[in-house]
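The structure under discussion appears below in the form of C-alpha cells.
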Amino acid sequence: MKIAPSSFTNQPCLIDGKAAAQEVVAAVKAAVEQEGLRPGLAVILVGDDPASAVYVRNKSRRAEECGFLSQQFSLPADTREEALLQLIARLNGDPAVHGILVQLPLPGHIDAHKVIQAIDPRKDVDGFHYENVGHLATGGLTEALVPCTPLGALFLIKQVLGESLRGLHAVVIGRSNIVGKPMASLLLQHDCTVTIVHSRTLSPEAVCRQADIVVAAVGVPGLVKADWVKPGAVVIDVGINRIDQPGGDTRLVGDVDFDGVKTVASAITPVPGGVGPMTIAMLMQNTLNAARRSRIQQATAG
Ligand code: NAD
C-alpha cells in the first residue's frame with residue numbers, strides 16, 4: 001500500500017512502522033499457507049543479556065506466528081567458540097532449517113566475524129555473510145539476502161514515495177556494516193543519488209539539507225535537527241537510543257529531533273513504532289525467501 005506524503009507545512013505524514021510490519025507479516029503468513037512451505041528459522045542466543053533475550057524471543061514468536069518451524073538455542077555465556085561453530089555446522093546441514101540467526105553482540109571471547117562467516121550464505125537471513133554483502137554491492141538483489149533493518153527502511157520509503165526513487169538525492173547518516181552501508185547500496189540500486197554522511201564528514205547539516213530522503217542510523221539522540229532537513233524531505237529514523245528521564249525513568253528516542261523535524265519533513269518515522277518493527281518483519285520475509293530458493297534448488301537438483 002502506498003501512502004501519500006502530506007504537504008510539508010506542520011502536517012507531516014507519520015509513517016506507521018507497526019502497521020507496515022503487520023502487513024509484511026500477514027503477506028508472509030499467507031504465502032507460507034498458499035505455497036505449502038514450512039520455512040525453518042533457528043535463532044541462537046549466547047549469554048544472558050536481557051535486551052538480546054527480548055529480541056530473540058520476539059523473533060521466535062513472530063516466526064511461529066508466520067507458520068515457520070521456529071527453533072531457539074540459548075547457550076550459556078561461557079560457551080566455547082568451537083561449540084558454537086559446531087552448532088552452526090549442524091544447522092547448515094539440516095534441510096528443515098532455512099534461516100540461521102546469531103544474535104549479536106556475542107561475548108568477547110567469541111570471534112563474531114568467524115561465526116557469521118561460518119553460516120551457510122543461503123541461510124544467512126541477517127545478510128551479514130561476505131557472499132551476501134558482495135551480491136548486494138554488485139547489484140545481485142535476487143541472489144542476496146539483504147540486512148533486515150535497511151530492507152525495512154526501504155519498504156517504508158517506498159510506501160511514501162512509490163516504487164520509483166529514480167534521481168532522488170538520498171543522504172544516509174552512518175556507515176556501519178549492518179545499517180548505513182547496505183542502506184546506501186539499496187538506495188543506489190533504486191537509482192537514487194546517494195551521499196553517506198559519517199562522523200568525519202564536514203558540515204553534515206549542509207549535506208543533509210540537500211536530501212530528498214534522509215536515513216539516520218547513528219546512535220546519537222536528536223542529532224538531526226529541523227535546519228538539517230529540506231522542506232518536504234522524507235525522514236527515516238533508524239536510531240534507537242535509551243535516554244534518562246527526570247525521576248529515574250528512561251525512554252526511547254531516535255537520531256532525529258522528531259518534534260522539530262516533523263514541522264519540515266513531508267513524512268517521518270517515529271521512534272518507537274517506525275523502523276524498529278520492520279526489522280523483525282523483514283527477517284520473516286528473508287526466511288521465506290531462503291525457503292523458496294531452497295525448494296527451487298532441490299527441484300532443479302532432483
Ligand atoms: P554504529 O555505531 O555501528 O554506527 C554508527 C555510525 O554513525 C558510524 O558509521 C559513525 O561514523 C556514524 N556517526 C557517529 N557519530 C556521528 C555524527 N556525529 N555525525 C554523523 N555520523 C556519525 O551503529 P549502527 O549499528 O549502525 O546503529 C545506528 C543506530 O541505529 C543505533 O541507534 C542503533 O541502536 C540503531 N539500530 C536500530 C535498528 C532497528 O531495528 N531499528 C537496527 C540496528 C541499529
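Fully extending the segment from A51 to A96 would add 13.4 nm, taking 0.36 nm per residue of separation and subtracting the current Cα-Cα distance. The portion of the accessible surface of the stretch 147-276 made up by carbon and sulfur, rounded to a whole percent, is 53 (1.4 Å probe; DNA, RNA and ligands excluded). The stretch 80-126 and the stretch 183-249 have Cα centres lying 32 Å from one another.
Is the stretch 1-112 rounded, prolate or oblate when judged by the Cα gyration tensor, a ≥ b ≥ c being the square roots of its eigenvalues, rounded requiring a/c under 1.5 and prolate requiring a/b larger than b/c? Oblate is the answer for the stretch 1-112, as a/c is 1.5 or above yet b/c matches or exceeds a/b. Relative to the longest principal axis of the Cα atoms of the chain, helix 50-65 runs at roughly 70 degrees. Rounded to the nearest 20, the Cβ-based charge dipole of the stretch 147-276 about its Cα centre (Lys and Arg +1, Asp and Glu -1) stands at 260 debye. Determine the shape class of the stretch 100-210: with a ≥ b ≥ c the square roots of the Cα gyration tensor eigenvalues, call it rounded for a/c under 1.5, and otherwise prolate if a/b is greater than b/c, oblate otherwise. The shape class here is oblate. Counting only protein chain heavy atoms and rolling a 1.4 Å probe, the accessible areas of I196, I213 rank, largest first, as I196, I213. Within the stretch 147-276, what percent of beta bridges assigned by DSSP are antiparallel, to the nearest 5? So the antiparallel bridges amount to about 20 percent of the total.
For the stretch 177-259, trypsin sites (Lys or Arg not before Pro) are listed when DSSP marks them as loop and at most 10 other Cβ atoms sit within 10 Å of their Cβ; the list is R200.
Net charge within 15 Å of V264 by Cβ-Cβ distance, Lys/Arg positive one each and Asp/Glu negative one each, not counting V264 itself? Net charge around V264: -2.
Per residue, the convex hull spanned by the Cα atoms of the chain amounts to 142 cubic angstrom. Split the chain at each of the GluC sites (Glu not before Pro) in a DSSP loop with at most 16 other beta carbon atoms within 10 Å, and the longest piece is 1-142.
Accessible surface computed residue by residue for the chain, with neighbouring protein chains in place and a 1.4 Å probe, gives 47 Å² per residue. Checking the cross-link pairs K18/K114; K59/K123; K181/K225; K29/K158; K29/K181 against a 26 Å limit on the alpha carbon distance flags K18/K114; K29/K181 as lying beyond it.
If R0 is 41 Å, the Cβ-Cβ spacing of I243 and A206 corresponds to a FRET efficiency of close to 0.95. Using Cβ point charges alone (K and R +1, D and E -1), the dipole size of the chain about the Cα centre works out to roughly 440 debye. For the chain, the antiparallel share of DSSP beta bridges with both residues in that region comes to about 10%.
The values are calculated or read from the model by the stated rules, or taken from the named source; none is laboratory data. Treat the numbers as computed from the prediction; the structure is a model and nothing was measured. Neighbour counts are summed over all protein chains in view; Cβ atoms, including those assigned to glycine, are modelled from backbone coordinates with ideal geometry. Quick note on the areas: whole protein, heavy atoms, side chains included, nothing else; ligands and nucleic acids left out. Shrake-Rupley method; radii C 1.70, N 1.55, O 1.52, S 1.80 Å.
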